[in-house]
1. Could you check the simple spin-label distance between residue 229 and residue 132, using points 7 Å along Cα→Cβ, in nm with one decimal?
2. Suppose each label sits 7 Å from its Cα in the direction of the beta carbon; what would the residue 64-residue 161 distance come out to in nanometres?
3. Only Cα pairs under 8 Å and at least 6 apart count here; give the relative contact order of region 1-142 as a rounded whole percent.
4. Figure the gain on full extension for residue 168 and residue 195 (residue separation times 0.36 nm, minus the Cα-Cα span) and round it to one decimal in nm.
5. What do you get for chymotrypsin sites (Phe, Trp or Tyr not before Pro) in region 138-232 restricted to DSSP loop and a cutoff of at most 15 other Cβ within 10 Å of the site's Cβ?
6. What would the Debye formula give as log10 I(q)/I(0) at q = 0.11 Å⁻¹ for the alpha-carbon point model of the chain, no solvent?
7. Using helices alone, I'd like the mean residue ellipticity at 222 nm for the chain: each DSSP H run of four-plus residues gives -39500 (n - 2.57), total over residue count, nearest 500.
8. Considering amide H positions built from the backbone, and no H for Pro or chain starts, which residues 5 or more places from residue 181, or on another chain, come under 5 Å of its amide H?
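Values in this text are rule-based calculations from the coordinates and carry no lab data. Being a predicted model, the structure only gives us computed values, none of them experimental. Cβ placement follows ideal geometry from the backbone for every residue including glycine, while neighbour counts extend to all protein chains displayed.
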Amino acid sequence: MSDTPNNVEFSAPDESKTFLKEELVKKQKQLMQLTLKSNPLDRANLQYDIGELMLDIAKPGMPEAAWGMTKESFKIFMEHKQWEAAVSCCDLLYRADQPASIVALGNGLWLSVTYPIDPELTILMLNNLIDDTPAKADGAAVAAVVAHHIADLRLEDEKRDSVMFLTMNLIAKVAERHSEVKSQDQMNFWMTKLDLNDSDVYFPRLAQVIDAIVGDDWWYNRDELREELPVN
């Protein structure tokens, strides 16, 4: 039997790492070429890309370096009201698995629910919260229901249907691990018991969960941002 498939299987990861390292060097050179007169958003985007590459390469010390780079990008994006990019930074900071990563998740969650950014990014952040929440805690159930609501609110047509199918499955997964829910009748009872049918209830509960995660470590002034929101 030819050993070609095995050779391909084992060489591919090395080739991928080589490509990532080459990309990292290229992005770092581009970053060094920027000056004080360069567009701050160019710097922020490059630093975010570098942070992403560092996490993918995953050599010792790189997650810490990725954190520093990405946190600076987050600040720049916030200054320029680039909310979606700022949330992407928070997702990367969460994945960097550093001491303040859970705080990064909380800060990103508030932005992703408050602003009408890409709903799939918002759902990703909510899924991060679900993954980081104990199985029996109600916070995961609240996050899953909010994800379903966001999909319904911000998407349209076939995209809406496909994403809502995924978020409904997400709710089912959370319900099963939370209370061993396995049937529609059990699901209906569980949703009612946890007050998961009323957005006037579950959005404030999500806010409480986010407050508990972040504590006093907010990276922006929420009151100022609320005042700038358009009045519906």
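1. Those two pseudo-labels are separated by 2.1 nm.
2. Placing both labels 7 Å beyond Cα along the Cβ direction yields 5.2 nm.
3. Details: 134 pairs, mean separation 20.8, N = 142.
Averaging sequence separation for qualifying contacts and normalising by length gives 15 percent for region 1-142.
4. Answer, rounded to one decimal: 8.1 nm.
5. Values: sites: 165, 189, 190, 202, 218, 219, 220; in loops: 218, 219, 220.
Qualifying residues, ordered by number: 218, 220.
6. Summing over Cα pairs of the chain leads to -0.68.
7. Numbers: 11 runs with 178 residues, N = 232.
Calculated at 222 nm, the ellipticity per residue is -25500 deg cm²/dmol.
8. When sequence neighbours closer than 5 places are left aside, the close amide H contacts are 176.
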